[in-house]
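Everything below concerns the one structure shown next.
The values are calculated or read from the model by the stated rules, or taken from the named source; none is laboratory data. The structure presented is a predicted model; accordingly, all values stated were derived computationally and were not measured. All Cβ positions, even for glycine, are placed from backbone atoms using ideal geometry, and neighbour counts span all protein chains on display.
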């Protein structure tokens, strides 16, 4: 991830948290655009099933963002394609410093073999609201387990920093079990 992309996401996160109180119309350049891609979670949900909170149709390599908050807590997840790469971010809205607790690389746009085809990104939360997965075209690419402070990515990149994912970002079949 380049520094421009990181800065852009930090600005996006900061603005999206403060923009909740604003009543402006979202537009193509606004961080509020991600809010259009949220799927509202019903108050009463089946506690045994995963919950789809965001779905976005996109073309890999074209800038897009999708955000989905946990239906039961303070955590959020953001999928971003900055035009060069796709990343999945785990956020803790209670964090006083940086709300981004971890970032997982999903793909480099130039390496996506079917990048000219429409794709569907889905952000799905586990029934306990502590685990979130990024599915692209129904395939799990990344998972955050906020309870264990661990991120799983098929690319096992980038190397972990900070308190989250100290043991790495390597994929585990156990990560998929959260969503069965």
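Of 86, 61, which residue is closer than 19 Å to residue 139 by Cα, modelled with pLDDT of 95 or more and not in a strand (DSSP E or B)? Write out each step before concluding.
Working: 86 fails: not in a strand (DSSP E or B).
Within the list 86, 61, the selection yields 61.
Identify all residues within the range 110-131 that are over 17 Å from residue 48 (Cβ atoms) and touching a strand residue (DSSP E or B) at 6+ places or on another chain (Cβ under 7 Å); write none if there are none.
Of everything in the range 110-131, those that are over 17 Å from residue 48 (Cβ atoms) and touching a strand residue (DSSP E or B) at 6+ places or on another chain (Cβ under 7 Å) turn out to be 118, 119, 120, 121, 122, 123.
Would you confirm, using the coordinates I've provided, whether residue 68 is farther than 22 Å from residue 161 by Cα and either part of a loop (DSSP other than H, G, I, E, B) or without any contact (Cβ under 8 Å) to a residue 40 or more places away in the chain (or both)?
Working: farther than 22 Å from residue 161 by Cα: yes; either part of a loop (DSSP other than H, G, I, E, B) or without any contact (Cβ under 8 Å) to a residue 40 or more places away in the chain (or both): no.
The answer is no for residue 68.
Is at least one residue of the range 14-31 over 20 Å from residue 158 (Cβ atoms), modelled with pLDDT of 95 or more, more than 13 Å from the chain's Cα centre (by Cα) and exposed (fewer than 14 other Cβ atoms within 10 Å of the Cβ)? Working first, answer last.
Initially, the range 14-31 is screened for residues over 20 Å from residue 158 (Cβ atoms), giving 14-31.
Going one step further and asking which of them are modelled with pLDDT of 95 or more, we end up with none.
Looking for residues that are over 20 Å from residue 158 (Cβ atoms), modelled with pLDDT of 95 or more, more than 13 Å from the chain's Cα centre (by Cα) and exposed (fewer than 14 other Cβ atoms within 10 Å of the Cβ), one finds none in the range 14-31, hence no.
Output the residue which, of all residues in the range 114-129 that are modelled with pLDDT under 95 and buried (at least 17 other Cβ atoms within 10 Å of the Cβ), is nearest to residue 72 (Cα to Cα).
Per the stated criteria, the residue is 129.
Does any residue of the range 150-164 turn out to be under 26 Å from residue 61 (Cβ atoms), in contact with a helix residue (DSSP H, G or I) (Cβ under 6 Å, 6 or more places away or on another chain) and surrounded by fewer than 23 Cβ atoms within 10 Å (Cβ to Cβ)? Before you say what the answer is, go through the steps one by one.
Taking the range 150-164 as the starting set, the residues that turn out to be under 26 Å from residue 61 (Cβ atoms) are 151-159.
Then drop every residue that is not in contact with a helix residue (DSSP H, G or I) (Cβ under 6 Å, 6 or more places away or on another chain), which leaves 152.
From what is left, the residues that are surrounded by fewer than 23 Cβ atoms within 10 Å (Cβ to Cβ) are none.
The answer is no; no qualifying residue exists.
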